[in-house]
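Before any comments, here is the structure.
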């Protein structure tokens, strides 16, 4: 049975995970591990911090549990990729012996767990802000990565809604976690994350995968593949990592959103992105530009 980053340590010599207790402060990794297996082991056992906003909301709802349900909890958690990752990884353990199908969304995971067990399992989690308080540059890097993940998820979801795709919630979840290894790096190895960032800024033409191998001894995409399998994360994430061309429409929603949010820093890239999205959504170019403009305005208002 896979181990979640919440509840099952590999050995008694390591800190235990959350089961109704305060998360222990997890030591940051300062030196790169030698190989993929070591990285996957380390990440799978770590206490993942969550955003302070999420922790405060969960504390509030814990005090008013009668008013809490999967929908209002899920809406808040789905803005926090780290908390979403913790919940889905934990839910995969619960699902294995009870349900034959995969848990594809945060709300489905909450329904599977139940509200009271959820609050017991995730009592007083460690927050990003406290964990990285002494490393403001790393905290800034993590917050930027979280904002990109949230923006990507919202855009992918809007694409799926435009296509009348009933899998829109699963698309949102997959887009939110598309680059979750980057979030793990900022959270668990902030000094190494800053080294990767510095190398990328100093050598902008060097492929990201090469920089990651030089600094970390692995590629983050390989770490994601290993953890997706280990934690049995939603199948759309598995498809994205094993079908980079996105042959199914749900994967295309995610990939076009990732491309727009991450790779449209210049006018030429924006033009190509707009044309590709227009073709995918079967819209005119002006209509696509209007859709993206309205999305940007809505996203800015919700920050």
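Every read-out reported here was derived from the displayed coordinates using simple, explicitly stated rules and does not represent laboratory data. These figures come from a predicted structure and were not determined experimentally. Virtual Cβ from ideal backbone geometry, glycine too; neighbours counted across all protein chains shown.
For this structure, a couple of remarks:
- Cα gyration tensor category, rounded, prolate or oblate, for region 73-177 with a/c compared to 1.5: oblate
- Relative contact order %, the chain, counting alpha carbon pairs below 8 Å whose residues are six or more apart: 21
- Taking 286, 234, 125 in turn, the Gaussian network model of the chain (Cα-Cα springs below 10 Å) assigns the largest fluctuation to 286.
- If you run the Gaussian network model on the chain, springs between alpha carbon atoms under 10 Å, then out of 162, 238, 172 the most flexible one is 162.
- Model label sites at residue 262 and residue 213, defined 7 Å from Cα along the beta-carbon direction, differ in position by 1.8 nm.
- Approximate spin-label separation residue 129-residue 191, in nm, with each point projected 7 Å along Cα-to-Cβ: 2.6
- Computed packing ranks the peptides 44-53, 273-282 as 44-53, 273-282, most packed first, by mean other Cβ atoms within 10 Å.
- Potential extension, residue 30-residue 221 segment - 0.36 nm per residue separation minus Cα distance: 66.7 nm
- Inter-centroid distance (Cα atoms) of region 104-131 relative to region 44-89, Å: 5
- Inter-label distance for residue 164 and residue 298, nm, one decimal - labels placed 7 Å from Cα along Cα-to-Cβ: 1.8
- Computing FRET efficiency as 1/(1 + (r/R0)^6) for residue 271 and residue 205, where r is the C-beta to C-beta distance and R0 is 35 Å, gives about 0.95.
- What the pair-distance distribution of region 135-302 shows, using all Cα-Cα distances binned every 10 Å from zero, is 10, 36, 36, 17, 1 percent.
- Pairs of alpha carbons in the chain whose separation is greater than 35 Å (percent): 17
- Centroid-to-centroid separation of region 135-202 and region 215-293 [C-alpha atoms, Å]: 12
- Springs join every pair of Cα atoms under 10 Å in this Gaussian network model of the chain, and among 182, 165, 267 the largest mean-square fluctuation is at 267.
- Cβ crowding within 10 Å ranks 157, 41 as 41, 157, fewest other Cβ atoms first.
- Per-residue [θ]222 nm for the chain (sum of -39500 (n - 2.57) over DSSP H runs n ≥ 4, rounded to 500): -20000 deg cm²/dmol
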